[in-house]
Amino acid sequence: MLRARRMVVAVLALMVAVSSGVHAEDYPSRYIKVIVGPGLDAPARVFGAKIADILGQQVVVEPRPGAGGAIAAQAVASAQPDGYTLLLATAAYTINTALQQTTLDLRRDFAPVALVTTVKYVLVLHPSVPARDLAELIAYAKSHPGALNFASPGIGTPPHLAGELFRSMTGVDIVHVPFRDANTAINAVVGGAVQMMFSLAATAQPQIAAGNLRGIGVTSSEPSPFVPGLATLAQLGLPGFDVLGWNGFVAPRGTPETVIAKLNAAIGQGFDDAELRQRVLASGYEPARRNTPEEFGKFIAADTAKWIDLVGKINLKGQ
């Protein structure tokens, strides 16, 4: 009797496996939904249109804001792992893991599909700050402890943690001033109420060009096309300083590899599309390079580890 039950279980498992394989081969046979939590949905819409064009099925973008992305992440993590429900993941998710603000973890609970866009930040100063470059800024901050404030769009956001990383690496005493959103934060710096900020490169560029802000350096390991000629902070004297915002598609854990491969291939064709790349830049993002699911998985792991290390150093947990 026991042997018969085991045989039934084995047969059922085989049937499920075969059924899953057939569905994966037919994928997609209906529309694909991309759920968006924090941030803009532009990357999802631009690359969603490319996925729809290549795979021949509609891609529906569904914003589910709130709870720092937890609502969107939970909806996707609990969805069927069949490739019909995707999450537009961002740096907010790896930061939330570092801050222990969620039980979900991109490294464990999702299957990486592809990194699609990156977002670079620029350290900007109000012109009243008597510092023309990074060295002068650090010297001034050290000789005037607590005199400089830095704005951010909220605790736990990449601009906030960029400021914390800057403070940790330089040993300066600067004060964090969180605002409700990025526009309010940068307007406070332009108006002189706050002295500095790590701002989105695309947002900072017109303010730098108009002379309202002074650009000091780019936060990522590579320069940004939005602020041509502006070196990175790593190049200017802070080796290892690397803060990068990003967007990428992930699926529920257990999604068949053949489905992941189809999605990745469709997205990959987007990187070769000059019009698509221009649309990405026009929305304030930079298109990523072609990457495999494995490469994106390693990227997520490294990003998470970086924030866990920083949060531990500055004891930010629980804030």
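The values are calculated or read from the model by the stated rules, or taken from the named source; none is laboratory data. Computed from a prediction, not measured in an experiment: that's the story for all the values here. Every residue, glycine among them, receives a Cβ derived from its backbone with ideal geometry; neighbour counts consider all protein chains shown. These accessible areas exclude ligands, DNA and RNA; they are computed on the full protein's heavy atoms, side chains included. Shrake-Rupley method; radii C 1.70, N 1.55, O 1.52, S 1.80 Å.
Summary table
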read-out	value
Ranked order, ASP272, ASP109, ASP242 - accessible area, probe 1.4 Å, largest first	ASP272, ASP242, ASP109
Linear extension gain, ALA305 paired with ASP272, 0.36 nm per residue minus alpha-carbon span	8.8 nm
Alpha carbon centroid spacing (whole Å) that separates the stretch 268-296 from the stretch 106-123	12
Pairwise Cα inverse-distance average, inverted: Kirkwood Rh of the stretch 168-319 (Å)	18.2
Residue-wise HN-Hα coupling along the stretch 27-39, computed from phi with Karplus coefficients 6.51, -1.76, 1.60 (Hz; x: Gly, Pro)	5, x, 10, 8, 5, 10, 10, 10, 9, 10, x, x, x
Helix runs (DSSP H) in the chain reaching 20 Å along axis by Cα, Kyte-Doolittle at least -0.5	2-26, 257-271, 293-314
ARG180 versus ILE71: modelled label distance in nm, points set 7 Å from Cα along the beta carbon direction	1.7
Protein accessible area in the chain, 1.4 Å probe - carbon and sulfur %	55
Antiparallel bridge percentage (DSSP; both residues within the chain; nearest 5)	60
Count, lysine Cα pairs under 30 Å in the chain, 8 or more residues apart or across chains	21
Distant-in-sequence amide H partners of SER152 (H built 1.01 Å from N, under 5 Å)	VAL177, PHE179
Under-5 Å amide H pairs with PHE110, H placed in peptide plane, nonlocal only	ARG253
Antiparallel DSSP beta bridges within the stretch 101-206, as percent of all bridges there, nearest 5	45
Helical mean residue ellipticity (222 nm; -39500 (n - 2.57) per DSSP H run of 4+; nearest 500) of the chain	-14500 deg cm²/dmol
Cα-Cα separations in the chain greater than 27 Å, expressed as whole percent	47
Cα gyration tensor category, rounded, prolate or oblate, for the stretch 141-188 with a/c compared to 1.5	oblate
Listed residue (THR170, PRO130, VAL60) projecting farthest to the positive dipole end of the stretch 53-180, Cβ model	PRO130
Ellipsoid equivalent to the stretch 54-188 - semi-axes via the Cα gyration tensor, in Å	37, 15, 13
Dipole magnitude of the chain about its Cα centre (Cβ charges: Lys, Arg +1; Asp, Glu -1), debye to nearest 20	620
Whole-number accessible area per residue in Å² for the chain, which is evaluated in the context of all protein chains at 1.4 Å	46
